[in-house]
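What follows is a short report on a single structure.
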Amino acid sequence: MDPFLVLLHSFSSSLSEDNLSSLKFLLRDKIGKRKLEAAKSGGELFNILLEQQEISRHNTSFLESIFKSIKREDLLKQLEQFVEDGEVDDDQPDAHEKRLQNAAFEVICENVGRNWKMLVRKLGLSEVKIDRIVAANPFNLHEQLLQSLRAWQKWKGKDAKVTDLIKALRGCSMNLVADIVEKKLSLLDAGTS
């Protein structure tokens, strides 16, 4: 079963009549009047939004905005947790890209020191996720960085590219590390061709 659909079903069953009425009002500009009137549950509304590609497992921002609008912080937290836990991980990078990423991770872990948080923030990892990783590995800087990079890799899926790592390194003025990563990757590519 698709974990995202299970999550939407859970949201649907926890919506009150007032919530449903508020959602229908807020969605008037997205969903036609006939479809809105026919929708008798949150699940039916979510199904319409899925069909119209307003929401998807990879695009939850619209869902976040409507939960904020109806002041359902509990549902918003569930959605954020779902996204953060990387439940959307069925689209991981191909084997070649993963090999390049792991080589880059090795170089980064060996060469980036105390400023590792700046790097993973630049990659887009949330503060909550960073704090959890630090709490799980309290005295091991190398492991904190490695787990953060793996969390980024899992979160981004197929969109996780080594070029993004290099760009983030350069964005943090870690040019020497970026150069070392590029050199190692070119050696890897030369070895496979």
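The values are calculated or read from the model by the stated rules, or taken from the named source; none is laboratory data. Being a predicted model, the structure only gives us computed values, none of them experimental. Cβ: placed from backbone, ideal geometry, glycine included. Neighbour counts: every protein chain shown.
How many residues does the range 146-180 hold that are β-branched (Val, Ile, Thr) and more than 24 Å from the chain's Cα centre (by Cα)? So that I can check it myself, show each step before the final result.
The first filter runs over the range 146-180 and keeps only residues β-branched (Val, Ile, Thr), leaving 162-163, 166, 177, 180.
Of the ones still in play, those that are also more than 24 Å from the chain's Cα centre (by Cα) are 177, 180.
So the count comes out to 2.
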Quiz prompt | Given (1) surrounded by 15 or more Cβ atoms within 10 Å (Cβ to Cβ); (2) within 20 Å of residue 156 (Cβ to Cβ); (3) at pLDDT below 90, index of the condition residue 95 fails | solution = (1)
Self-check item: Enumeration of residues in the range 13-34 that are over 13 Å from residue 72 (Cα atoms), touching a residue at least 12 places away in the same chain (Cβ under 8 Å) and either touching a Leu at 6+ places or on another chain (Cβ under 9 Å) or assigned to a loop (DSSP other than H, G, I, E, B) (or both)
Solution: 24, 27, 30, 31
Quiz item: closer than 25 Å to residue 179 by Cβ and either in contact with a Leu (Cβ under 7 Å, 6 or more places away or on another chain) or not assigned by TED's automatic domain parsing to the domain that holds residue 14 (or both) - does that describe any residue in the range 55-64?
Solution: no
Quiz prompt | Single unsatisfied condition, residue 19 versus (1) over 30 Å from residue 158 (Cβ atoms); (2) of a type in the set (S, T, N, Q); (3) surrounded by fewer than 17 Cβ atoms within 10 Å (Cβ to Cβ) | solution = (3)
Quiz item: Only one of (1) within 24 Å of residue 127 (Cα to Cα); (2) of a type in the set (A, V, I, L, M, F, W, C); (3) crowded, with 18+ Cβ neighbours inside 10 Å fails for residue 100. Which number is that?
Solution: (1)
Quiz item: Listed residues 177, 134, 128; which is buried (at least 20 other Cβ atoms within 10 Å of the Cβ), outside the structural domain of residue 77 (by TED's automatic domain parsing) and part of a helix (DSSP H, G or I)?
Solution: 177
Self-check item: Checking residue 43 against (1) over 28 Å from residue 156 (Cβ atoms); (2) small (Gly, Ala, Ser); (3) without any contact (Cβ under 8 Å) to a residue 12 or more places away in the chain, the condition it does not meet
Solution: (3)
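Which of the residues spanning the range 180-193 are assigned to a helix (DSSP H, G or I) and either under 16 Å from residue 115 (Cβ atoms) or not β-branched (Val, Ile, Thr) (or both)? So that I can check it myself, show each step before the final result.
Filtering the range 180-193 for residues assigned to a helix (DSSP H, G or I) gives 180-192.
If the condition is that a residue be assigned to a helix (DSSP H, G or I) and either under 16 Å from residue 115 (Cβ atoms) or not β-branched (Val, Ile, Thr) (or both), then 180, 181, 182, 183, 184, 185, 186, 187, 188, 189, 190, 191 are the ones that fit.
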Practice problem: State yes or no: is residue 44 among the acidic types (Asp, Glu) and surrounded by fewer than 12 Cβ atoms within 10 Å (Cβ to Cβ)? | Solution: no
